[in-house]
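This structure is in structure tokens; I'll ask about it shortly.
The values are calculated or read from the model by the stated rules, or taken from the named source; none is laboratory data. What you see is a predicted model; the values in this text were computed from it and never measured. We place every Cβ from the backbone using ideal geometry, glycine too, and count neighbours over all the protein chains shown.
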Amino acid sequence: MPRTSAIFQQLTSLTTEKRNPRSRRIDTLGVPGVLKVINAEDRKVARAVQREIPYISRAVGLVVSSFRAGGRLIYAGAGTSGRLGILDATECPPTFGTSPSMVQGVIAGGRKSVFRSQEGSEDSESAGARDIASKKVGPADVVCGIAASMRTPYVIGALREAKKRRAKTIFLTTNPRATLRTKQFASLRKSIDVAICPEVGPEVVMGSTRMKSGTAQKLVLNMLTTASMIQLGKVYENMMVDLQMTSKKLEERAKKVIMIATGATYSHAAKVLRMADYHVKSAIVMIEAGVPAARARRYLKEGNGFVRSALALARRRDVRS
């Protein structure tokens with residue numbers, strides 16, 4: 001009788017590869033029954049992420065320090081994990097007005113893997129290392145490896161190369177932290193500064209980690225970048241104030257933000273936004289502090305880009321008549 005392979009044995013030990021007892025008869029259910037099973041399992045995801053908040057907080061600290069030092073956040077993943085990293089990176093410029101280079105994603109198999117699965121591409125550690133090397137990753141950067149299974153060679157190679165280059169590293173997996181602490185992952189642990197391990201349990205369809213695992217990963221990536229951007233002053237109250245005017249929708253959203261923040265009418269918000277050269281934060285400070293665009297920008301610069309700090313500076317200097 002042939003011996004099982006090392007990979008088979010490793011997969012057998014992973015929670016994400018186990019059968020879910022609550023969905024074993026899902027193929028006998030009607031559509032409403034199938035959907036209820038999926039929904040019941042999905043409700044567990046947010047709680048799993050909640051338990052990881054202390055580790056997510058530490059990861060945000062690394063990312064914020066990197067950004068303040070002029071560094072980048074680079075996601076590395078394969079399949080669904082890689083696509084989610086690229087999605088999060090792609091959304092940052094229009095949402096927070098960041099440079100496309102500030103948050104990036106690399107995926108096993110390259111750009112074509114975003115649109116069509118290239119399953120075998122995840123098996124190469126050297127490919128992950130090459131992609132990180134090609135980004136010229138250095139000590140100011142953070143690399144976040146995303147691997148539901150915990151064992152993806154491409155991601156492991158990316159993290160090892162990042163650590164070799166003295167970058168900070170984050171590892172996001174949906175298998176238990178206890179598994180990461182086992183002997184088989186001892187080498188991987190040496191390449192990780194912060195591990196985030198929301199334990200979502202077996203998938204509704206065995207091994208289909210695009211489901212609960214993908215949902216958990218999306219939630220965590222949202223938290224990483226959104227919390228980091230808030231710490232950089234890119235949100236005022238709970239509104240995006242560094243959004244780019246790259247579409248008519250975003251221009252109208254900018255006017256709405258100004259109106260809510262200042263109580264201005266639509267026409268006044270539109271007028272000041274133009275005077276501010278379509279810089280939302282400047283427009284808010286201009287209206288609230290009663291100052292021209294140049295002075296608003298100066299206060300924002302002195303306040304490190306935070307609207308609240310800029311307004312406080314303006315009030316302390318008694319700029320209102």
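Here is a yes/no grid of residues against (1) within 30 Å of the chain's Cα centre (by Cα); (2) farther than 27 Å from PHE67 by Cα; (3) hydroxyl-bearing (Ser, Thr, Tyr):
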| position | (1), (2), (3) |
| --- | --- |
| GLU251 | yes, no, no |
| LYS255 | yes, yes, no |
| SER267 | no, yes, yes |
| LEU273 | yes, yes, no |
| ASP277 | yes, no, no |
| VAL280 | yes, no, no |
| ALA283 | yes, no, no |
| LEU300 | yes, no, no |
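Going by the structure shown, is VAL45 assigned by TED's automatic domain parsing to the domain that holds LEU219, over 15 Å from CYS144 (Cβ atoms) and of a type in the set (A, V, I, L, M)?
Considered against the rule, which asks whether it is assigned by TED's automatic domain parsing to the domain that holds LEU219, over 15 Å from CYS144 (Cβ atoms) and of a type in the set (A, V, I, L, M), VAL45 comes out as yes.
Taking the conditions exactly as written (at pLDDT 95 or above, assigned to a strand (DSSP E or B), in contact with a Ser or Thr (Cβ under 8 Å, 6 or more places away or on another chain) and not hydroxyl-bearing (Ser, Thr, Tyr)), does VAL155 satisfy them or not?
For VAL155, the condition - at pLDDT 95 or above, assigned to a strand (DSSP E or B), in contact with a Ser or Thr (Cβ under 8 Å, 6 or more places away or on another chain) and not hydroxyl-bearing (Ser, Thr, Tyr) - is not met.
Here are some residues: ALA46, ALA108, ALA127. Which one is in contact (Cβ under 8 Å) with a residue 40 or more places away in the chain and surrounded by fewer than 21 Cβ atoms within 10 Å (Cβ to Cβ)?
ALA46
Let me ask something else about it. From the list ARG316, ARG274, ARG298, pick out the single residue that is surrounded by fewer than 21 Cβ atoms within 10 Å (Cβ to Cβ) and either at pLDDT below 95 or closer than 30 Å to PRO54 by Cβ (or both).
ARG316
Only one of ALA264, ALA270, ALA294, ALA310 is more than 20 Å from THR95 (Cβ to Cβ), outside any helix (DSSP H, G or I), out of contact with any strand residue (DSSP E or B) (no Cβ under 9 Å at 6 or more places or on another chain) and of a type in the set (A, V, I, L, M); which?
Just one listed residue meets the conditions, ALA264.
Can you pull out the helices (runs of 4 or more DSSP H) entirely within region 160-247 that have at least 2 residues that are crowded, with 16+ Cβ neighbours inside 10 Å?
Counting at least 2 such residues, we get 177-180, 212-231.
Collect the residues in region 116-125 that are of a type outside the set (D, E, K, R) and touching a helix residue (DSSP H, G or I) at 6+ places or on another chain (Cβ under 9 Å), keeping them in residue-number order.
Those that are of a type outside the set (D, E, K, R) and touching a helix residue (DSSP H, G or I) at 6+ places or on another chain (Cβ under 9 Å): SER117, GLN118, SER121, SER124.
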